[in-house]
Structure formats: C-alpha cells, structure tokens
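What follows is one structure encoded as structure tokens, with my remarks underneath.
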Amino acid sequence: AQKITQTQPGMFVQEKEAVTLDCTYDTSDQSYGLFWYKQPSSGEMIFLIYQGSYDEQNATEGRYSLNFQKARKSANLVISASQLGDSAMYFCAMSLTMDTGRRALTFGSGTRLQVQP
Amino acid sequence: GAVVSQHPSRVICKSGTSVKIECRSLDFQATTMFWYRQFPKKSLMLMATSNEGSKATYEQGVEKDKFLINHASLTLSTLTVTSAHPEDSSFYICSASGREEQMKQYFGPGTRLTVL
C-alpha cells in the first residue's frame with residue numbers, strides 16, 4: 001500500500017534555529033515524486049520543495065532542503081534559520097500512479113510548526 | 001510559478017441547495033485537475049481526478065451524483081455539490097497539473113463551504 005507518515009503532530013522551534021520535519025513513505029512504484037507543502041491558517045497550500053525518486057542530489061529551495069534517504073524511504077524537510085512566518089501546518093505528499101495511469105497526491109497527516117520568538 | 005484560482009473563497013448555503021465551485025488555471029493549460037476535501041485539523045483527501053474533455057475519476061467512497069465534476073476546458077474545472085447537507089461542510093481545494101510538469105500540482109486557495 002502507498003502511504004505517507006508524519007509522526008510529529010506538532011513541533012516548536014526558536015526563531016533563527018533550524019528544524020527538521022519528518023516524513024516516511026511506502027510505495028512499490030519505482031518512479032514517484034515527494035513534495036512538501038505549507039498550509040498557513042488562511043488554508044492555501046503553498047508548494048515548498050520537490051524531490052524526484054531518481055534525483056541523486058537532495059533538493060534545495062532557499063531555506064528549505066529535503067533530506068532524501070531512498071533506502072530508508074524518508075524525505076525529511078529541513079528549514080534553516082526559522083522565521084515567525086514559518087509557523088503553519090506542513091504536509092508531506094507523494095505523487096503516485098493510480099490504476100488508470102493518472103498521477104495523484106497522497107498526503108501525510110501533517111505537522112504543525114510553531115516558531116517562537 | 002503557476003497560478004490556480006478558486007471561486008468563491010467562502011460560501012454559505014441552505015441545506016438542499018446546490019453549490020458550484022470553480023477552479024481555474026490562470027497561466028498554464030491544466031491537462032489534469034484534482035479536487036480535494038479537508039476537514040478541520042485533518043489532511044487533504046483526494047475526491048476525484050478530472051482530465052479535460054473526459055469524465056472524472058472518483059475515489060472510493062465519493063458519491064458521483066453528489067459531487068459533480070466538469071472539466072470543460074484546459075483552464076477550468078467545476079465541482080458542484082448537489083443537494084448540500086450540513087455534513088458536506090468542509091474546505092474544498094483544487095489543484096492542477098500541466099503537460100510539461102505532470103508530477104507537480106499547483107493548488108488553488110480553497111473554498112470553505114458551510115451548509116446550514
């Protein structure tokens with residue numbers, strides 16, 4: 001079964017420090033994509049970072065980096081130099097191929113990050 | 001990045017009425033659009049996938065006759081909640097992907113539906 005697991009319902013971090021949000025996945029697909037989205041209280045889903053299963057290097061986007069460990073099936077998000085505006089819900093997601101060949105995202109349960117001044 | 005809009009952002013309706021939610025890709029052609037539902041403090045659950053010009057594919061447990069999806073063009077998909085009931089109250093979010101980046105989905109801002 002294809003599944004995304006986020007084991008941290010909530011995390012606290014001090015402003016300017018780094019924080020790691022955990023994500024593990026399970027799939028039998030060889031080709032898949034891993035995503036992180038940020039959802040502030042307004043509800044919109046903000047794309048942060050993407051890692052393809054065949055990408056050899058870890059993805060980075062500004063202060064965000066994805067620690068991709070394929071053998072462990074983990075795709076942790078690292079946020080460096082946390083800012084107060086980073087306080088939000090964070091979802092890990094995996095793109096998988098459905099029965100008809102279409103691709104859809106399956107989401108983890110999310111981690112609520114609170115950045116403290 | 002690609003922009004997806006949703007309208008309306010909030011809607012309150014009486015039980016028994018139908019509500020239409022629009023999802024538009026503003027600067028790219030969306031070959032596939034997805035509709036998700038999110039309950040408070042929960043994750044997103046995929047409801048259905050629609051490809052332009054063809055019928056939507058619904059996930060298990062989603063009522064096709066209740067949640068009508070139309071992907072009429074490469075920039076527009078609509079979700080109609082028919083005969084809405086209070087249990088249909090939720091946050092509905094659409095996303096879209098194009099031909100060039102089929103792996104990536106771009107999300108709309110969501111629609112909060114409240115059925116009285």
Chain B, relative contact order [Cα under 8 Å, separation at least 6], %: 37
Environment charge at B:His7 (Cβ cut-off 13 Å; Lys +1, Arg +1, Asp -1, Glu -1): +3
Other residues with Cβ under 9 Å from the Cβ of A:Gly110 give, with Lys and Arg +1 and Asp and Glu -1, a net charge of +3
Modelling each spin label as a point 7 Å along the Cα-to-Cβ direction, I'd like the A:Gln2/A:Ser80 distance in nm, to one decimal. 3.2
In terms of the ratio Rg/(2.2 N^0.38 Å) built on C-alpha atoms, what value belongs to the protein assembly as shown? 1.01
Each residue of segment A:50-56 in turn: what ³J(HN,Hα) in whole Hz from Karplus with 6.51, -1.76, 1.60 and θ = phi - 60°, glycine and Pro shown as x? 9, 9, x, 5, 9, 6, 7
Work through the residues other than A:Ser80 whose Cβ is under 9 Å from its Cβ and net out their charges, Lys, Arg +1 and Asp, Glu -1. 0
Projected-area average for chain B over all orientations - Cα convex hull basis, square nanometres: 6.8
Could you give the nm distance between label points at B:Lys64 and A:Arg112, where each point is 7 Å from its Cα heading toward the beta carbon? 3.9
Here, GluC sites (Glu not before Pro) of segment A:1-72 satisfying both criteria (DSSP loop; at most 14 other Cβ within 10 Å) are A:Glu15, A:Glu17, A:Glu56
Under 29 Å from the Cα of B:Lys64, which lysines turn up, not counting those fewer than eight places away in the same chain? A:Lys3, B:Lys14, B:Lys20, B:Lys41, B:Lys42, B:Lys55, B:Lys104
Exposed GluC sites (Glu not before Pro) being those in a DSSP loop with at most 11 other Cβ atoms within 10 Å, the longest stretch of chain B free of them is B:1-62
Could you give the radius of gyration (one decimal) and Dmax (whole number) of the Cα atoms in chain A, in Å? 14.0, 48
Take the Cα coordinates of segment A:57-117, assign each an equal point scatterer, and use the Debye formula without solvent to give log10 I(q)/I(0) at q = 0.24, 0.28, 0.29 Å⁻¹. -1.13, -1.23, -1.24
Segment B:14-73: trypsin sites (Lys or Arg not before Pro) in DSSP coil with no more than 10 other Cβ atoms inside 10 Å: B:Lys14, B:Lys41
Between B:Glu22 and B:Thr80, the two model label points (7 Å from Cα along the beta-carbon direction) sit apart by a distance in nm of 1.5
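FYI, it's all coordinate maths here, none of it is from the lab. Keep in mind the model is a prediction, meaning the values are calculated, not measured. For neighbour counting, all protein chains shown are included, and Cβ atoms are generated from backbone atoms with ideal geometry for every residue, glycine included.
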